[in-house]
């Protein structure tokens, strides 16, 4: 079975064409910096590796570029779109409606659209991916894999907000959690590596969107993101945790509308608001060259993560490992260094030399005497989505 996986994020699209059940990647690629100048297009197969700089202004144009690459007479891997058996889509917010992988029909699409307000940076591009794929790969089954599904195991003590009960009972307002496909994948890889029964680990997913999960014995028990993918850690353009009073002050005293405040917190805050840049590579480069705003922003980012490491170690009453994953988590030795320094109280001893080593394999960043393992585990949400898509169809 050939499964095309579309992982349409807030500023990027990853894709893989995967032969299942053997999990052979026929080709893969990524479009990054969507909506910014000089978007980067990557395409890789057994025979070709291409990189292009183009202006990809939105997700629809990006998806059309991907389909053209798959069918290209010189570099493509398909003769026609009928070779695709299924398209597996990452969908960020499933609300209380979707708790497992789902075959997409019109009803499912309508329900995904109803959740746009809860994930405004993600569900709309996820939806575009579905609609464009239906047109291009019209014979393929379209499957939705929801980021929120993995976090269904978070207990009530952690997923309930301290607001009147009617908002949970009548409106399902609670913690849902996100990046679940990534947290599930890397936690399973880490547990297989650690070979520890009843493990207690913290997975740290750092990309343009960022989140952390406390995981006991393979199950999510707490998570930094909540009702929507906006709180918790400082992200590329999202503020993360903020005092609610600031929102009321912006509206009542400064005259901003609700829509404007939502836009500020979702699209103008985070690292972009602090530095003028949303791409961490640019921020790190500026920080190294002495940019004080970028230096402070990186320290603030690391400080927030350290706070959550401490809190999750506390609620789990122990910690066996912390896991770094996703684009920033896997590749930025700078941010990992800031996070892991001065954590010896928790038994975390960081090896700066190991941290500088680049690899696509699971690797340790801890000293030999560290009580807590520090692992970099490359995520592969696409393989996880392909697996869940295949399991649903067979």
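Quick look at the values:
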| quantity | calculated |
| --- | --- |
| Conditions (1) crowded, with 16+ Cβ neighbours inside 10 Å; (2) in contact (Cβ under 8 Å) with a residue 40 or more places away in the chain; (3) farther than 26 Å from residue 111 by Cβ: number failed by residue 23 | (1) |
| Cross-chain or 6+ apart pairs with Cβ under 6 Å, region 151-176 first and not assigned by TED's automatic domain parsing to the domain that holds residue 219, then part of a helix (DSSP H, G or I) and surrounded by 12 or more Cβ atoms within 10 Å (Cβ to Cβ) | 151/180; 173/167; 174/159; 174/168; 175/159 |
| Residue 297 over 28 Å from residue 177 (Cβ atoms) and either over 19 Å from the mean Cα position of the chain (by Cα) or in contact (Cβ under 8 Å) with a residue 60 or more places away in the chain (or both) | no |
| Answer residue from region 129-140, given it is part of a helix (DSSP H, G or I) and touching a strand residue (DSSP E or B) at 6+ places or on another chain (Cβ under 7 Å) and is farthest from residue 238 (Cα to Cα) among those | 134 |
| Residue 256 in a loop (DSSP other than H, G, I, E, B) and free of Cβ contacts under 8 Å to residues at least 12 places away in the same chain | yes |
| One residue from 208, 231 being without any contact (Cβ under 8 Å) to a residue 40 or more places away in the chain and under 29 Å from residue 35 (Cα atoms) | 231 |
| Matching entry among 239, 278 (being closer than 24 Å to residue 94 by Cα, assigned to a loop (DSSP other than H, G, I, E, B) and touching a helix residue (DSSP H, G or I) at 6+ places or on another chain (Cβ under 6 Å)) | 239 |
| Hey, residue 166 in contact with a helix residue (DSSP H, G or I) (Cβ under 9 Å, 6 or more places away or on another chain) and surrounded by fewer than 20 Cβ atoms within 10 Å (Cβ to Cβ) or not | no |
| Matching entry among 186, 175 (being closer than 29 Å to residue 123 by Cα and surrounded by fewer than 24 Cβ atoms within 10 Å (Cβ to Cβ)) | 175 |
| From 285, 311, residue being in a helix (DSSP H, G or I) and either touching a strand residue (DSSP E or B) at 6+ places or on another chain (Cβ under 9 Å) or within 25 Å of residue 220 (Cα to Cα) (or both) | 311 |
| Some residue of region 94-113 being under 21 Å from the mean Cα position of the chain (by Cα), free of Cβ contacts under 8 Å to residues at least 40 places away in the same chain and closer than 21 Å to residue 59 by Cα | yes |
| Identity of the residue in region 114-126, outside any helix (DSSP H, G or I) and in contact (Cβ under 8 Å) with a residue 40 or more places away in the chain, that ends up surrounded by the most Cβ atoms within 10 Å (Cβ to Cβ) | 119 |
| Odd one out for residue 58, checked against (1) within 20 Å of residue 393 (Cβ to Cβ); (2) touching a residue at least 12 places away in the same chain (Cβ under 8 Å); (3) surrounded by fewer than 14 Cβ atoms within 10 Å (Cβ to Cβ) | (1) |
| Subset of region 321-377 [in contact (Cβ under 8 Å) with a residue 60 or more places away in the chain and either part of a loop (DSSP other than H, G, I, E, B) or at positive phi (or both)] | 326, 332, 362, 377 |
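The values are calculated or read from the model by the stated rules, or taken from the named source; none is laboratory data. What you are looking at is a predicted structure, and each value in this text was computed from that prediction instead of being measured. Neighbour counts are summed over all protein chains in view; Cβ atoms, including those assigned to glycine, are modelled from backbone coordinates with ideal geometry.
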